[in-house]
Amino acid sequence: MKKYITLIVMILVVRISYSQQNGTIKGKVIEQSTKQPIIGVTIVIQDTMLFASTDTTGVFIINNVPEGSHILKISILGFQEKLLTDIVVVRDKINYFETELLDDAKNMDEVVVSTFRNENNVMTPVSAYSFNREEIFRNPGAQGDIFRAIGILPGVSSSGGQFSAIAVRGQGVRDNVYMVDDIPMFEVSHLEGSSAFNDPNGGRFSIFAPRAIDNASFQGGGFAAQYGRKSASYLGLGIKEGNRETPSISGQFDLLGATLIYDGPSYLHKKTSVFATARYQNFYLLTGLVGLRQLGLPSYGDYMIKTTTEINSKNKLSVLAMYNPDAFVRTVDDAKLSKVIENTILANTATNKATFGINLRTLTSKNSYFKNILYYKLIDANLKFGNFTPMVNAQGEFVNKDSTRFENNLQSITSKQSEFGYRSIFTQHYTKATLTAGIDLARIDIDYSRHLSHTDTLYSFTQTDFRPYTTQNYLIILPDYFNSTYKNYTYNGSAYIDFSFKLFKIVALNTGLRYDYTGFTEQQTLSPRLSGSIALSQKQSINFATGIFYQDPLYQDVADQPKENKLKNEKTIQYILGYKNYFSQDLKLVVETWYKQLDDLVLRPKTGQIYLNNDGTGYAYGADFNLTKRLSKKYYGQVGYSYMQSIRDDHNGNGEYNFTYSQPHIASVLISYKPNNKWVFSAKFRYATGRPKDSYTIHYNVLNDPNTVRYSQEITGKNADRLNDYISLDPRVDYRVQVKKLAVTAFVDIVNILNRFNQSSEGLQPITGKRYYDGLGIFPSFGLRVEL
């Protein structure tokens, strides 16, 4: 009898132990074109015998799933098979998510193309790439930053290790459409205000904490009429929805700071979930580790909460709130830490960004739905800049740091920009067509002031800059030509329609038309768009796109101008032709050529002055190659190459020149290997032709004062030379271990392990006459992510 009791106890212990190591996957599958639930979808967990089917509400549930990371294969006749990678199961918890399936438009029977997000959507045929949550987080060198992850895609230019902003296909970092849960966002990075005039490098770090972005869809051009007011590329970001089944709390602690995440039910409403993040980053430890304290101290925070409520079977409501402050301080004491004088700028900046949005999706029939979005955005910046003048020897070394003269508030900028907007988008799906129509309305308020405390000197100039005497080899900046105040508001309005349809089973066409009214320019524009694909076989297609894209001038540029000087919208005409081949379920090749005609470009004709005009024109052309192996087994990777030329003309008599982001050759390789549920090894290599820089002539003792020797540079060729080539090797290692109900992931993520100094810009030190470079070498990060 005791033997039987012992055996029963052992069996119970084993069963209890087994159950404690298992979790549950639950989800809902809907049709992408109609947002309706799909009945009878089969969900299989690869490398297991576990599977399930969706019920009449599109919901499925799979119990007793071993903890760890899994790949789900989702399939049903009439839809494209879909692979969901890195579905993480935690013991005794339910991983709940919703996913969408695309129509099987090509009726492929020779090969089953597994889609990842919208990459095989014939209605977005060109330059479509996607990232899921785990791919973003584990992208080597990205350190959880979505924009650093996107930097590996073809046609995307690298700005150097300290910048995360992206420039796409010959345009600038401020020329991209960003949509976050259908809310238009224009400034999505921290530490963007680094100078009195617009910094072409953009921001340094994303305003989204690691693992906050659930999915990202990117198009390098040719996007639909629904998206406008920017012209280079489209990036749609989806914030993760909370798990309404079971709660989890996780934290990441690394060299820069800490991130906390709550993902679970609201406990206030049965069908409401909450996803909330709080992150604070401070670079004191990192700059000390890599010996760069002299650069100053950046810090920032990101605080976000998103609630999702299933009101009923037809209405789903999401509410998003974000607060993103940042600060940068560089004092004279920081500057004195340098051994040799280089950058003499002092800074004390603080910027607060806030976003609030309400998104209601309503199913209006079995084949149509409405999306209505109400949002408010605020950017409140206070920027102060100064300089210091130390005593140095001929080598530029400090002689007496105690005698350094400095001024903290030479230039100051205060800027408050707010936008209150409404978007309404209706989608109707037919058997072989889809119609999308919508309107965007927004009120924009600007309160802006820029102040120069006294006359200043610029030691960099061009022949076209005003100087009272040709022998004066420097510029005098007067407050009267620098100071600016502006307080005003206006209204923007847009209407658009996209109609996608199929012809002869092998042709898909997307036609679109967009109307925009821009209040600050008092300009009305029409933007026709056309894209499509022609199926050559079950696996291959020819893709094309063309269209007109208009872009609003920056609000800061609008605020800078005298009332009588109204800027116009910039205009871009795009042409794209590409080839796509799915060699297998998880291996895709994309080759595209493209050309852009650029008109009415905003430029600053005189150095150091506020006046701008639309005299700039240009063109850009290139070709992109990308081979992507998605994560379907133990490894994935990408190989990309881009050829690009981007030429501008300011029509000032100096002719054409290379644009800031004209980098003829950009190549990248990413490899990731996951041998088991504990280890992930990945590495990324990037190469880019050095960015353009000016050619110049150095002038000595331009003040004609032997006691105050100053050098200046005369620009003889705008962007006529180049910085050194950009080269970076970024390795990453993740190790995950489960300790009872606690999941711990340790990681090491190193940007530029070769410690090669990658230059992002070049400047003249007027005290020594030598050049100095902004840039970054090695940028390591390591830490722990804990989930309970």
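The values are calculated or read from the model by the stated rules, or taken from the named source; none is laboratory data. Because the structure is a prediction, the values reported are computed rather than measured. Heads up, the Cβs are rebuilt from the backbone with ideal geometry, glycines too, and the neighbour counts pull from every protein chain shown. In case anyone asks, the SASA skips ligands and DNA or RNA and just uses the protein heavy atoms, side chains included. Shrake-Rupley method; radii C 1.70, N 1.55, O 1.52, S 1.80 Å.
General observations
- At R0 = 25 Å, FRET efficiency that the Cβ-Cβ distance of Tyr376 and Ala350 yields, to 0.05: 0.75
- Based on Cα contacts under 8 Å between residues 6+ apart, the chain shows a relative contact order of 10 percent.
- Note on the stretch 373-445: with neighbouring protein chains present and a 1.4 Å probe, carbon and sulfur make up 53 percent of its accessible heavy-atom surface.
- The stretch 344-425, dipole about Cα centre (Lys/Arg Cβ +1, Asp/Glu Cβ -1), debye to the nearest 20: 720 debye
- Spacing of the two label points (7 Å from each Cα toward its C-beta) at Phe625 and Tyr735, in nm: 3.9 nm
- Here the gap between Leu788 and Tyr481, fully extended at 0.36 nm per residue and compared with their Cα-Cα distance, gives a gain of 104.7 nm.
- Rounded percent of accessible protein surface that carbon and sulfur make up, the stretch 252-301, 1.4 Å probe: 68 percent
- Between Lys432 and Thr56, the contour length at 0.36 nm per residue exceeds the alpha carbon distance by 132.9 nm.
- In degrees, nearest ten, helix 2-20 long axis to first principal axis of the chain (Cα): 40 degrees
- Model label points for Gln645 and Gln21, set 7 angstrom from Cα along the Cα-to-Cβ axis, are 6.2 nm apart.
- Per-residue 3J(HN,Hα) values for the stretch 26-39, derived from phi via the Karplus relation 6.51 cos²θ - 1.76 cosθ + 1.60 with θ = phi - 60°, read 10, x, 10, 10, 10, 7, 5, 6, 10, 6, 8, x, 10, 8 Hz in sequence order (x marks Gly and Pro).
- Two-site FRET efficiency, Gln395 against Ala746, from Cβ-Cβ distance with R₀ of 41 Å, rounded to 0.05: 0.40
- Put a plus charge on the Cβ of each Lys and Arg, a minus charge on the Cβ of each Asp and Glu, and nothing anywhere else: the dipole of the chain about its Cα centre is then about 2420 debye.
- Surface calculation, 1.4 Å probe, protein heavy atoms: Phe51 sits at approximately 140 Å² accessible.
- Per residue value of the accessible surface for the chain (all protein chains in place, 1.4 Å probe), Å²: 42 Å²
- Computed label-point distance, nm, for sites Ile39 and Tyr595 using a 7 Å Cα→Cβ extension: 5.3 nm
- Positive-end residue of Tyr673, Leu536, Gly288, charge dipole of the chain with Cβ unit charges: Tyr673
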